[in-house]
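Enquirer: Following this message is one structure expressed as structure tokens.
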Number of protein chains: 2
Amino acid sequence: MVLVSDIYQSRSDNEAAIILRQDPVVYPGPHAKGEFALSEHQLRNYRKNGFIQLRGLLSREEAAGLLCEARNLAATSGERGLPEAVLEPGSDVVRSVFRVHGLSAVFERLMRDGRLLDVARQILGSEVYIHQSRVNLKPGFSGREFYWHSDFETWHIEDGMPRMRALSCVVLLTENSEFNGPLMLVPGSHMHYISCIGQTPQDHYRQSLRKQEYGVPDETSLGFLVQRGGLQSTKGPAGSVVFFDCNTMHGSNGNISPFPRSNLFFVYNSVDNRLGNPRGGLQPRPEFIAARENAPALQRL
Amino acid sequence: MVLVSDIYQSRSDNEAAIILRQDPVVYPGPHAKGEFALSEHQLRNYRKNGFIQLRGLLSREEAAGLLCEARNLAATSGERGLPEAVLEPGSDVVRSVFRVHGLSAVFERLMRDGRLLDVARQILGSEVYIHQSRVNLKPGFSGREFYWHSDFETWHIEDGMPRMRALSCVVLLTENSEFNGPLMLVPGSHMHYISCIGQTPQDHYRQSLRKQEYGVPDETSLGFLVQRGGLQSTKGPAGSVVFFDCNTMHGSNGNISPFPRSNLFFVYNSVDNRLGNPRGGLQPRPEFIAARENAPALQRL
């Protein structure tokens, strides 16, 4: 393992590396005092841990409606064979649906809801747009794991996102419990960037959304992060919301329990951090995975 | 789903069925007052739930020694290509080692330790022998799930075990936490026998120890059991011990955490419940999976 200080390189070498974060976690800006902005205490926790969980930010009733919408989207987009519908590895069960804010008016409104948008603007210190949205369904009995990854590593290399100035907002559509493979985060991991081994093939996304093979952090680096920060899982009732930094290491185990574990993701990116060219001569990924064209700054509801 | 009253048939029909248990859970007998026997209260819980967890029954130091022995066994039996060493699906990582009480003097002694043996004799109401022993290593980062199953279904069909008069004793060799795929049990499920769909091919065990494809309970029946009893996971420090009935439905999720989840299993069977012929014309499985010849009643240490 080599410690290097060049900014955020990855998949360009035969050795893994741990690179110190070069960017703020919370950006100063004009949105610090929005109606639903985090308190100073909450913001401190976010800065320190790289995430914050807001239990019951949405009501259970709202979550039930969103879950219904997500399942309908999964069924119809799967049947129609839309590229937005990604299947479980070795199966025809829908694992994820992408670009849900474009496919559904319900999600289009939710992404502009002050409870989510005020926090995103506050943390990123600017106007924001949706870089990516998706639902991960993780069905009961057969839901497969999501292996450890930093989103930013992928977005930087495959999408050309310049800096760490994006976050994921996760809305729990079902209860996340110890039994159904809840999201696990490594507190403090957002302060280190794990540079990964290996080149990336063209059109890697077709496979990687089902099962990641490039941009996978090595076990030594993961062990380093977990030894420093431990692990935390985001258990909570449906309607809870988690905000986490684009470089926070996360993953989740599979789900053999009968209880689906379905989560909705909005990835907010700063309008001052729009995508450039992917690294290593890669072609840009499709619009439904990484928005370039159709990505206006969001108007609050 | 059809409710039938024939005793414990399975894999003989095209429909799943739920069959009421026809056997006691706790058997009367001469061993009710052994030195380490369970209290009345503990026994009541075992009868009701189909399992009981004894936190810290073995010390952490003992567990550390057992873990070391288990890892050595995994390494040496894997290298030597012993049939007792079973690999993870699609991998050459050792998933389980069987017949550990035959391969290691340490485990041979432990199976006769009063802390385990007194409880096994008490619950089964007779002298007992080891039907099967194994270590499930479930390594960090890559440990795969064990899907839901009742051990008795397999032992009845594939090994000709006549009745429900056996139990598993699980020794936690590492901490089992919410992060590393702990054993999950369905409380009360031992009172229903889930008859499974499908015939069993000969030599099924070669595959089934890596990934089960026959004797898999259907989702409707699993949902029925979990709705009645809920789920419980056996989290606890290394050295904790779980006793569970041969018909208690159990399984575990995979493990992407860096922490191995290694558990040792002794299956105690009553000497009055020795194996007969497998069902459906199957050949008996090998001795290291289901003891017939080399299975004397155990002498207490």
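The values are calculated or read from the model by the stated rules, or taken from the named source; none is laboratory data. Bear in mind the structure is a predicted one, so any value in this text is a computation, not a measurement. Every residue, glycine as well, gets a Cβ built from its backbone with ideal geometry; the counts of neighbours run over all protein chains shown. Ligands, DNA and RNA are stripped out before the accessible areas are found, and what is left, the full protein with its side chains, is counted by its heavy atoms. Shrake-Rupley method; radii C 1.70, N 1.55, O 1.52, S 1.80 Å.
Enquirer: For region B:215-237, how many residues are among the small types (Gly, Ala, Ser), under 18 Å from the mean Cα position of the chain (by Cα) and open to solvent by 10 Å² or more (accessible area, probe 1.4 Å)?
Expert: Here the count works out to 1.
Enquirer: Same structure again: Do you know which residues across region A:247-270 are assigned to a strand (DSSP E or B) and under 23 Å from B:Pro182 (Cα atoms)?
Expert: Residues satisfying the conditions are A:His250, A:Gly251, A:Ser252, A:Asn255, A:Asn263.
Enquirer: Sticking with this structure for a sec: For region B:213-241, which residues satisfy the criterion of being in a loop (DSSP other than H, G, I, E, B) and facing chain A (nearest Cβ under 9 Å)?
Expert: Within region B:213-241, the subset in a loop (DSSP other than H, G, I, E, B) is B:213-218, B:230-231, B:234-235, B:237-240.
Passing the criteria: B:Leu231, B:Lys235.
Enquirer: Another question, if that's okay. Would you call A:Phe141 open to solvent by 10 Å² or more (accessible area, probe 1.4 Å), within 14 Å of chain B (Cβ to nearest Cβ) and touching a Ser or Thr at 6+ places or on another chain (Cβ under 6 Å)?
Expert: no
Enquirer: Open to solvent by less than 20 Å² (accessible area, probe 1.4 Å) and not in a loop (DSSP other than H, G, I, E, B): does that describe B:Leu58?
Expert: no
Enquirer: Further, regarding this structure: Take the conditions open to solvent by less than 10 Å² (accessible area, probe 1.4 Å), in contact with a Cys (Cβ under 7 Å, 6 or more places away or on another chain) and either more than 14 Å from chain B (Cβ to nearest Cβ) or outside any helix (DSSP H, G or I) (or both) and apply them to A:Trp155. Does it pass?
Expert: Yes, satisfied.
Enquirer: Taking region B:62-92, which residues are open to solvent by less than 20 Å² (accessible area, probe 1.4 Å) and of a type in the set (Asp, Glu)?
Expert: Once the filter is applied, which keeps residues that are open to solvent by less than 20 Å² (accessible area, probe 1.4 Å) and of a type in the set (Asp, Glu), region B:62-92 yields B:Glu84, B:Glu88.
Enquirer: Give region A:160-183 a look and list any residue that's charged (D, E, K, R), touching a residue at least 60 places away in the same chain (Cβ under 8 Å) and surrounded by fewer than 24 Cβ atoms within 10 Å (Cβ to Cβ), or say none.
Expert: A:Arg163, A:Glu175
Enquirer: Further question on the same structure: When A:Phe244 is evaluated against the numbered criteria (1) part of a helix (DSSP H, G or I); (2) touching a helix residue (DSSP H, G or I) at 6+ places or on another chain (Cβ under 9 Å), which criterion, by number, is the only one it fails?
Expert: Failed condition: (1).
Enquirer: Let me ask something additional. Output the number of the condition that A:Leu38 fails; it satisfies all remaining conditions of (1) touching a residue at least 12 places away in the same chain (Cβ under 8 Å); (2) within 20 Å of A:Asn136 (Cα to Cα).
Expert: A:Leu38 satisfies all of (1) touching a residue at least 12 places away in the same chain (Cβ under 8 Å); (2) within 20 Å of A:Asn136 (Cα to Cα) except (2).
Enquirer: Return yes or no: is B:Gln199 in a loop (DSSP other than H, G, I, E, B), touching a helix residue (DSSP H, G or I) at 6+ places or on another chain (Cβ under 8 Å) and at pLDDT below 95?
Expert: Judged against the criteria, B:Gln199 is a match.
Enquirer: Right, here's the next one. Among the residues that make up region A:179-195, is at least one of them in contact with a Pro (Cβ under 9 Å, 6 or more places away or on another chain), away from every other protein chain (no Cβ under 14 Å) and not in a strand (DSSP E or B)?
Expert: no
Enquirer: Does region A:184-205 include one or more residues that are under 30 Å from A:Ser59 (Cβ atoms), open to solvent by 10 Å² or more (accessible area, probe 1.4 Å) and in contact with a Gly (Cβ under 9 Å, 6 or more places away or on another chain)?
Expert: Checked region A:184-205: at least one residue is under 30 Å from A:Ser59 (Cβ atoms), open to solvent by 10 Å² or more (accessible area, probe 1.4 Å) and in contact with a Gly (Cβ under 9 Å, 6 or more places away or on another chain).
Enquirer: Sticking with this structure for a sec: Identify the single condition in (1) under 14 Å from the mean Cα position of the chain (by Cα); (2) over 28 Å from B:Leu282 (Cβ atoms); (3) in a loop (DSSP other than H, G, I, E, B) that B:Thr174 does not satisfy, given that it satisfies every other one.
Expert: For B:Thr174, the exception is condition (1).
Enquirer: Identify the residue in region A:264-288 that is touching an Asp or Glu at 6+ places or on another chain (Cβ under 8 Å) and either aliphatic (A, V, I, L, M) or open to solvent by less than 30 Å² (accessible area, probe 1.4 Å) (or both) and, among all such residues, is nearest to A:Leu173 (Cα to Cα).
Expert: The qualifying residue nearest to A:Leu173 (Cα to Cα) is A:Val267.
Enquirer: Shifting gears a bit: Identify, by number, the condition in (1) open to solvent by less than 10 Å² (accessible area, probe 1.4 Å); (2) more than 14 Å from chain A (Cβ to nearest Cβ); (3) in contact with a strand residue (DSSP E or B) (Cβ under 7 Å, 6 or more places away or on another chain); (4) farther than 18 Å from B:Leu264 by Cα that B:Tyr129 doesn't meet.
Expert: Going through (1) open to solvent by less than 10 Å² (accessible area, probe 1.4 Å); (2) more than 14 Å from chain A (Cβ to nearest Cβ); (3) in contact with a strand residue (DSSP E or B) (Cβ under 7 Å, 6 or more places away or on another chain); (4) farther than 18 Å from B:Leu264 by Cα one by one, B:Tyr129 breaks only (4).
Enquirer: Which residue pairs have Cβ atoms under 8 Å apart, sit 6 or more places apart or on different chains, and have a first residue in region B:252-272 that is facing chain A (nearest Cβ under 7 Å) and a second that is open to solvent by 10 Å² or more (accessible area, probe 1.4 Å) and hydroxyl-bearing (Ser, Thr, Tyr)?
Expert: Close Cβ pairs (under 8 Å, with a partner that is open to solvent by 10 Å² or more (accessible area, probe 1.4 Å) and hydroxyl-bearing (Ser, Thr, Tyr)) amount to B:Asn255/B:Ser142; B:Ile256/A:Tyr147; B:Ile256/B:Ser142; B:Ser257/B:Ser177.
Enquirer: Could you check, for region B:243-255, whether at least one of its residues is at negative phi and open to solvent by 40 Å² or more (accessible area, probe 1.4 Å)?
Expert: Checking region B:243-255: not a single residue is at negative phi and open to solvent by 40 Å² or more (accessible area, probe 1.4 Å).
Enquirer: Please go through region B:250-268 and pick out each residue that is touching a strand residue (DSSP E or B) at 6+ places or on another chain (Cβ under 6 Å) and among the hydrophobic types (A, V, I, L, M, F, W, C).
Expert: Passing the criteria: B:Ile256, B:Leu264, B:Phe265, B:Phe266, B:Val267.
Enquirer: Among the candidates A:Ile52, A:Ile18, single out the residue that is more than 26 Å from A:Gly239 (Cβ to Cβ), in contact (Cβ under 8 Å) with a residue 40 or more places away in the chain and part of a strand (DSSP E or B).
Expert: Exactly one of A:Ile52, A:Ile18 is more than 26 Å from A:Gly239 (Cβ to Cβ), in contact (Cβ under 8 Å) with a residue 40 or more places away in the chain and part of a strand (DSSP E or B), namely A:Ile18.
Enquirer: While we're looking at this one, here's another question. Can you tell me which residue is surrounded by the most Cβ atoms within 10 Å (Cβ to Cβ) among those in region B:107-123 that are touching a helix residue (DSSP H, G or I) at 6+ places or on another chain (Cβ under 8 Å) and in contact (Cβ under 8 Å) with a residue 12 or more places away in the chain?
Expert: B:Ile123
Enquirer: Taking region B:89-106 only, how many residues are touching a Ser or Thr at 6+ places or on another chain (Cβ under 8 Å) and assigned to a loop (DSSP other than H, G, I, E, B)?
Expert: 3
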